[in-house]
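Here's the structure we're looking at; comments come further down.
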Amino acid sequence: MLNLQPTSLDWALSHATLVRDTTMLPSAFEFDAIRFDWTRLRAELLAHNIHDWRVRPHRSLLTPKARYGFRTITQLDPLDFLVYASLVFEIGPAIEARRVPVADNVVFSYRYKPDASGQLFDPSVDYAQFHKRSSDLMEQGFDYVAVTDISDFYQRIYLHRLEGSLSAANVDAKVSRA
């Protein structure tokens, strides 16, 4: 049996309120109803065995990417978002501990650093920092800089590899299975 922690669930709602559930679509109107009846809904979510959780239908659509391309964007059902965000909040420290340290100044993707207001990522690690570091390296005589875009990553992820990576990060097996 796996239950969410109260702190992570409260943080997830703060995150949905502050940052929203997606940057590509308007925030789901259901979050207003969730906040209105949070005490009751929170108790139900905390009591639910996450291994028995059934994911609800989501919204998916295409959006333009670059000049001639498209990418798929998805908006989870608000309750699924709260469960997912809660789990991310709980396992984030283990994942971040396994990553290349920020101080190495070589990886500039989002870094896990939540705060009480609902912020998930470290605001000091961003594209401007990546761009500056790339320029500095070019001035030092480096000939190449590797850049990647993982926009198609999510549709192709192999779940067994994800579970294996979470296990390597010492994430509890019950949580990684969820």
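Data table
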read-out: Hits in the range 117-134 (condition: in contact (Cβ under 8 Å) with a residue 24 or more places away in the chain and polar (S, T, N, Q)); value: 117, 119
read-out: Condition met for residue 114 (closer than 30 Å to residue 2 by Cα and either surrounded by 14 or more Cβ atoms within 10 Å (Cβ to Cβ) or among the hydrophobic types (A, V, I, L, M, F, W, C) (or both)); value: yes
read-out: Matching residues in the range 146-171 - criterion: being within 18 Å of residue 88 (Cβ to Cβ), assigned to a loop (DSSP other than H, G, I, E, B) and in contact (Cβ under 8 Å) with a residue 40 or more places away in the chain; value: 169, 170, 171
read-out: Identity of the residue in the range 117-139, under 28 Å from residue 82 (Cβ atoms) and aliphatic (A, V, I, L, M), that ends up modelled with the lowest pLDDT; value: 125
read-out: Selected residue [assigned to a helix (DSSP H, G or I), more than 14 Å from the chain's Cα centre (by Cα), crowded, with 18+ Cβ neighbours inside 10 Å and modelled with pLDDT of 95 or more] from 82, 41, 9; value: 9
read-out: Test result for residue 90, surrounded by fewer than 17 Cβ atoms within 10 Å (Cβ to Cβ) and within 21 Å of residue 178 (Cβ to Cβ); value: no
read-out: Odd one out for residue 104, checked against (1) within 30 Å of residue 17 (Cα to Cα); (2) loosely packed, with under 10 Cβ neighbours inside 10 Å; (3) not aliphatic (A, V, I, L, M); value: (1)
read-out: Residue list for the range 140-164, filter: at pLDDT 85 or above, charged (D, E, K, R) and exposed (fewer than 10 other Cβ atoms within 10 Å of the Cβ); value: 161
read-out: Criterion violated by residue 62 - all others in (1) under 21 Å from residue 121 (Cβ atoms); (2) over 19 Å from the mean Cα position of the chain (by Cα) satisfied; value: (1)
read-out: Residues of the range 128-178 satisfying the condition of being within 18 Å of the chain's Cα centre (by Cα) and over 20 Å from residue 96 (Cβ atoms); value: 149, 151, 152, 155, 156, 158, 159, 177
read-out: The listed residue being surrounded by 14 or more Cβ atoms within 10 Å (Cβ to Cβ) and more than 27 Å from residue 17 (Cα to Cα), out of 137, 120; value: 137
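The values are calculated or read from the model by the stated rules, or taken from the named source; none is laboratory data. Just so it is clear, the structure is predicted and the values come from calculations on it, not from any experiment. With ideal geometry, Cβ positions are generated from the backbone for all residues, glycine too; neighbour counts draw on all protein chains shown.
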